[in-house]
Amino acid sequence: MRRPIVRTLARAAALGAAAAALPLASPAPVAADSVVVGGKLVRVADSPWVVALSSRDRFGGTRSGQFCGGVVVGRSTVLTAAHCMSKEVLGVPLRRVSDLKVIAGREDLATNAGNEISVSNVKTNPEYDASTNSGDFATLTLAEPLPESYVIRAAGAGDAAYKPGTSAAVYGWGDTTGRGNYAQSLHAADVTVLADKECQEAYPGSADGTYTPASMVCAGEIQGGRDACQGDSGGPLVARGKLIGLVSWGDGCGRAGSPGVYTRISEVVRVMKRYA
Ligand code: ARG
């Protein structure tokens, strides 16, 4: 269910410091209905547009304060999920978080590699609807620009990258098991873009959210297994070298018949133009 998912994230992320101090869980055999991201370790040098959102005040320092993902779409612009900026996730209203940062170029959160950049402005999509999860994005403005080489291109409406059956990859430092095992190092999982019809059948409208084709895209494996999970929210879904989605929601993680749902980037581009 949607609300419990978000609450779980806030609670688990607050405990993340303790969890991350433990050795990474060894790949235990997973039951058929079990939750799992099924990803692999990747180098941030190969995907410099993936960033971590951080607040050590809210989430502790062990994992650099990571609590959500983000993606660099302009030298000073990062996209993330609107729900990452909510009180449910942060535990306090956004204005009370004084150390919100974007961490670029650091795959291992236990190190101080790369750059930590202050966020000078946050704009949550005015059309975000927390009851259906539609329009789940926010724009962060960086206090210092990143190099142009960090920027990923967004796939516009009608781009072939959105076609069902396209291979895509989702990136993040979130839960790798569905049991609160937050990753210390960046992971990516290969998923397949699914047809809107399959996504609508999976999420016709419930407490989880409602699949809305105009503003969402869903991806995963119909038999389950590879997926994003808690802590990955706001991070990128990439296909054909372009950004197509932001991790948004799902029922559990990696469950058969419950694919991951992402904010559709072509819609983000459209809404951003309207409010620019
Ligand atoms: N809402 C979650 C977060 O804040 C992301 C959930 C994604 N779930 C999924 N099964 N793909 O991290």
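When only residues in region 226-276 that are β-branched (Val, Ile, Thr) and open to solvent by less than 40 Å² (accessible area, probe 1.4 Å) count, which is nearest to Ala183 (Cα to Cα)? Even if it seems obvious, please write down each step before you answer.
Kept after step one, since they are β-branched (Val, Ile, Thr), are these residues of region 226-276: 238, 244, 247, 261, 263, 265, 268-269, 271.
Among the residues that remain, those that are also open to solvent by less than 40 Å² (accessible area, probe 1.4 Å) are: 238, 244, 247, 261, 263, 265, 268, 271.
Working: Val238: 20, Ile244: 23, Val247: 16, Val261: 21, Thr263: 23, Ile265: 25, Val268: 28, Val271: 32 Å.
If we take residues in region 226-276 being β-branched (Val, Ile, Thr) and open to solvent by less than 40 Å² (accessible area, probe 1.4 Å), then Val247 is nearest to Ala183 (Cα to Cα).
Where the second residue is open to solvent by 60 Å² or more (accessible area, probe 1.4 Å) and among the basic types (Lys, Arg) and the first is within 19 Å of Arg58 (Cα to Cα) and lies in region 97-115, which pairs have Cβ atoms under 7 Å and are six or more apart or on separate chains?
Within 7 Å, the pairs are Val97/Arg58; Asp99/Arg56.
Given the options Gly209, Gly241, name the one that is over 12 Å from the mean Cα position of the chain (by Cα), within 14 Å of the ligand (Cβ to nearest atom) and within 29 Å of Pro126 (Cα to Cα). Spell out how you get there, then give the answer.
Details: Gly241 fails: within 14 Å of the ligand (Cβ to nearest atom).
Every option except Gly209 fails the conditions.
With the structure loaded, tell me whether Gly220 is of a type outside the set (A, V, I, L, M, F, W, C), on the phi > 0 side of the Ramachandran plot and buried (at least 23 other Cβ atoms within 10 Å of the Cβ) or whether it fails that test.
Numbers: of a type outside the set (A, V, I, L, M, F, W, C): yes; on the phi > 0 side of the Ramachandran plot: yes; buried (at least 23 other Cβ atoms within 10 Å of the Cβ): yes.
Answer is yes for this residue.
Output the residues belonging to region 205-219 that are modelled with pLDDT of 95 or more and not hydroxyl-bearing (Ser, Thr, Tyr).
Within region 205-219, Pro213, Ala214, Met216, Val217, Cys218, Ala219 qualify.
In this structure, does Val193 turn out to be modelled with pLDDT of 95 or more, open to solvent by less than 10 Å² (accessible area, probe 1.4 Å), in contact with a Pro (Cβ under 8 Å, 6 or more places away or on another chain) and more than 13 Å from the ligand (Cβ to nearest atom)?
On the way: modelled with pLDDT of 95 or more: yes; open to solvent by less than 10 Å² (accessible area, probe 1.4 Å): yes; in contact with a Pro (Cβ under 8 Å, 6 or more places away or on another chain): yes; more than 13 Å from the ligand (Cβ to nearest atom): yes.
Yes: the conditions hold for Val193.
So which of Ser131, Ser98 ends up being open to solvent by 20 Å² or more (accessible area, probe 1.4 Å), more than 23 Å from Val170 (Cβ to Cβ) and at pLDDT below 95?
Numbers: Ser98 fails: at pLDDT below 95.
Result: Ser131 is the single residue among Ser131, Ser98 that is open to solvent by 20 Å² or more (accessible area, probe 1.4 Å), more than 23 Å from Val170 (Cβ to Cβ) and at pLDDT below 95.
Applying the selection to region 167-176, what residues are surrounded by fewer than 20 Cβ atoms within 10 Å (Cβ to Cβ) and either modelled with pLDDT under 95 or within 15 Å of the ligand (Cβ to nearest atom) (or both)? Don't jump to the end; show me each part of the working.
First, pick out the residues of region 167-176 that are surrounded by fewer than 20 Cβ atoms within 10 Å (Cβ to Cβ): 167, 169.
Once the filter is applied, which keeps residues that are surrounded by fewer than 20 Cβ atoms within 10 Å (Cβ to Cβ) and either modelled with pLDDT under 95 or within 15 Å of the ligand (Cβ to nearest atom) (or both), region 167-176 yields only Ala169.
List the pairs whose first member sits in region 167-196 and is in a loop (DSSP other than H, G, I, E, B), whose second member is aromatic (Phe, Trp, Tyr), and whose Cβ atoms are under 7 Å apart, counting only residues at least 6 apart or on separate chains?
Note: pairs meeting the criteria are Trp173/Tyr182; Gly174/Tyr182; Ala183/Trp173; Leu186/Tyr171; Leu186/Trp173.
Could you name every one of the strands (runs of 3 or more DSSP E) located completely within region 208-276 that has at least 2 residues being touching a Lys or Arg at 6+ places or on another chain (Cβ under 9 Å) and within 13 Å of Ala81 (Cβ to Cβ)?
On the way: elements: 216-220, 236-239, 242-249, 260-264.
Ranges flagged: 242-249.
Only one of (1) of a type in the set (Asp, Glu); (2) open to solvent by 10 Å² or more (accessible area, probe 1.4 Å); (3) outside any strand (DSSP E or B) is not met by Asp136, so which one is it?
Among (1) of a type in the set (Asp, Glu); (2) open to solvent by 10 Å² or more (accessible area, probe 1.4 Å); (3) outside any strand (DSSP E or B), Asp136 violates only (2).
Would you say Ala81 is of a type in the set (A, V, I, L, M, F, W, C), open to solvent by less than 40 Å² (accessible area, probe 1.4 Å) and in contact with a Ser or Thr (Cβ under 6 Å, 6 or more places away or on another chain)?
Against the criterion (of a type in the set (A, V, I, L, M, F, W, C), open to solvent by less than 40 Å² (accessible area, probe 1.4 Å) and in contact with a Ser or Thr (Cβ under 6 Å, 6 or more places away or on another chain)), Ala81 qualifies.
The values are calculated or read from the model by the stated rules, or taken from the named source; none is laboratory data. Everything numeric here is computed off the predicted structure, so don't read it as measured data. Positions of Cβ are generated from backbone atoms using ideal geometry, with glycine treated the same way; all protein chains shown enter the neighbour counts. Ligands, DNA and RNA are stripped out before the accessible areas are found, and what is left, the full protein with its side chains, is counted by its heavy atoms. Shrake-Rupley method; radii C 1.70, N 1.55, O 1.52, S 1.80 Å.
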